[in-house]
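Below is one structure, written out as structure tokens; the observations come after it.
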Amino acid sequence: MQRILPSLFLFAALATSAVAHADDMFSYSYSGTGVSGSGDFTIATTATDGVFQVTEMDGQLNGINITGLLPVDSFKNNDNLFSSTNPFLDDDGVSFLLANGTDVNIFYINGDWFVQGDGEFVLDGGSTNPETPLVLDSLSFGPALAPTPEPSSLLLLGTGVLGAMGMARRRLMRS
């Protein structure tokens, strides 16, 4: 028991030291006339300080699920770059695919945020000319909340219970 208990505490310390990192995940939301969306995306560092590559994306646009990020240069010259400073996106933007097969790009030019889709792009109020981007009234980014690392928490709780049981057993053996 004397060798097992320290080993369990060491194992618990190592298992709980891997904390979930929220610094590489961001939440976003946007809205404009006839269009709104929100979700999360994951970023990875690039060779340029403060500029990150968007590597994964999920969420919805007008209630239609985003099924994935489009590859770089596959729609409207997208580069899928995210900056840590405002305006966050450049004029090439981030492109993604909707569940209905529509390609969409969100980008920033000369002080305005835009969303543009391909020929299948349909808004709440009907269809729009896919060559005319829509101006967004609001767009926000923020760090995503890190999920609680439940397996690590349960492991820590379990080792605490084992330790308490060991102490109680030791006291019972003495008496």
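Where a number appears in this text, it was derived from the coordinates with a stated rule and is not lab data. Keep in mind that what you see is a predicted model, and the values were worked out from it rather than measured. Backbone-built Cβ (ideal geometry, glycine too); neighbour counts: all protein chains shown.
Any chance you could run the full-extension gain for Asn86 through Ile64? It's 0.36 nm times the residue separation minus the Cα-Cα distance, nm to one decimal.
On the way: separation 22, 0.36 × 22 = 7.92 nm, distance 2.73 nm.
Contour length minus the Cα-Cα distance gives 5.2 nm.
Just subtract the alpha-carbon distance of Ala47 and Asn100 from 0.36 nm times their residue separation and send over the number in nm, one decimal. Mind dumping the intermediate values first?
Numbers: separation 53, 0.36 × 53 = 19.08 nm, distance 3.49 nm.
Here the answer is 15.6 nm.
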Query raised in the report: Ser29 to Ala164: FRET efficiency via 1/(1 + (r/R0)^6), r the Cβ-Cβ distance, R0 41 Å, to the nearest 0.05?
Result: 0.35
